[in-house]
Amino acid sequence: MIDAHDDDQHLRRIRSFVLREGRMTPAQQRAFETHWARFGIDYTGKPQDFGAHFGRHAPRVLEIGFGNGEALAWASEHDLARDYLGVEVHGPGVGRLMNALAARGASNVRIYKHDAVEVLEHEIAPGTLAEVRLWFPDPWHKKRHNKRRIVQPGFVTLLASRMAPEGLLHLATDWEPYAQHMLEVMEASSDWHNDVAPGQFAEKPAWRIETHFERRGLKLGHGVWDLLYRRR
C-alpha cells in the first residue's frame, strides 16, 4: 500500500527526467531572444491567469514533455478553438517549437521551460485543464530506476485535481512494461475512469500524429500503447 504523503514527497524528491541540454543551434538560441516574450511563460510559483496570456477563455490542453514540439505544433494548428500549454525542460526543443509557431503566427500556444510537476502544483489552478497529453515519457526501463517514472499514484492524483470534470488524460508509450505500469496506476485510481473499457488500452486516436520519434521506434520493432482516461 502506498501512503499518499510518501508519494507526494516522492514527486518532489525524484525528477522524472535527466537534463541533457545539448547544444542549441543559433536559430534555436535566437528563438529565446526573439520569441520567448510572445510564447513563453516564466515560472513564478503562483497560479497563472491563462485567460490573460491567451487573450481569451477557451478549453485548455496541456502537453507534458513535448520534445521537439512536432506534435504540439500540429495539434495547435488543427485545433484553433482550444488553447495549448506545453511544458518541456530541454532548450533545443523549446527553441525549435517557438520558431515553428512564429513562422505561422500561432496565437493559441504558450510554453513553459520548467519541471512539469512544479508547474502543475503551483501554476495551474484546480479545474483549469480540459485535456492532458503525456506521450512517450522516459520509461526508466531499468528496474532500479522504475521509481523515476512520472506516472505514479501521486502524479495522477495531482493531474486529476487540475482537470475540469470529464477532462481527458491521454498517455502513450512505446515501452510495454511501462504501458502495463501506466494501466495499473490508472485502473487503481478513484479519480479516473477508462474511456474505452476497464483495463483496456485504446486505439491510436487521430489527434496523435506519428512523430519522428515514433517512426524511429516502429522501425526498431517497438509497439505503441495508448491509454485514455476521463476525470470522474
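The values are calculated or read from the model by the stated rules, or taken from the named source; none is laboratory data. Being a predicted model, the structure only gives us computed values, none of them experimental. Because the Cβ atoms are built from the backbone with ideal geometry, glycine has one as well, and the counts that use them run over all protein chains shown.
Data table
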{"quantity": "Lone unmet requirement of (1) without any contact (Cβ under 8 Å) to a residue 24 or more places away in the chain; (2) in a helix (DSSP H, G or I) for PRO177", "calculated": "(1)"}
{"quantity": "Index of the failed condition, LEU159 passing every other in (1) within 25 Å of ASP42 (Cβ to Cβ); (2) in contact (Cβ under 8 Å) with a residue 40 or more places away in the chain", "calculated": "(2)"}
{"quantity": "Among residues of segment 180-213, those that are part of a helix (DSSP H, G or I) and either among the small types (Gly, Ala, Ser) or in contact (Cβ under 8 Å) with a residue 12 or more places away in the chain (or both), counted", "calculated": "9"}
{"quantity": "Any chance ALA164 is within 24 Å of HIS193 (Cβ to Cβ) and either in contact with a Phe, Trp or Tyr (Cβ under 7 Å, 6 or more places away or on another chain) or free of Cβ contacts under 8 Å to residues at least 24 places away in the same chain (or both)", "calculated": "no"}
{"quantity": "Segment 136-152 residues that are on the phi > 0 side of the Ramachandran plot, paired with ones that are modelled with pLDDT of 90 or more and assigned to a loop (DSSP other than H, G, I, E, B) (beta carbon under 8 Å, 6 or more apart)", "calculated": "PHE136/GLY65; PHE136/GLY67; PHE136/ASP174; TRP140/ARG149"}
{"quantity": "Residues satisfying the stated conditions in segment 159-170, i.e. closer than 15 Å to VAL119 by Cα and surrounded by fewer than 19 Cβ atoms within 10 Å (Cβ to Cβ)", "calculated": "SER161"}
{"quantity": "Test for LEU97: is it within 29 Å of THR34 (Cβ to Cβ) and crowded, with 20+ Cβ neighbours inside 10 Å", "calculated": "yes"}
{"quantity": "Single match in ALA37, ALA103, ALA130, ALA125 (criterion: part of a loop (DSSP other than H, G, I, E, B) and modelled with pLDDT of 95 or more)", "calculated": "ALA125"}
{"quantity": "Close pairs (7 angstrom Cβ cut-off, 6 or more residues apart or separate chains): assigned to a loop (DSSP other than H, G, I, E, B) in segment 69-80, surrounded by 24 or more Cβ atoms within 10 Å (Cβ to Cβ) and modelled with pLDDT of 95 or more anywhere", "calculated": "GLY69/GLY86; GLY69/LEU97"}
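Residue-by-condition table, conditions (1) of a type in the set (Val, Ile, Thr); (2) more than 19 Å from the chain's Cα centre (by Cα):
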| site | (1), (2) |
| --- | --- |
| TRP175 | no, no |
| LEU183 | no, no |
| ASN194 | no, no |
| GLY221 | no, yes |
| VAL224 | yes, no |
| ARG232 | no, yes |
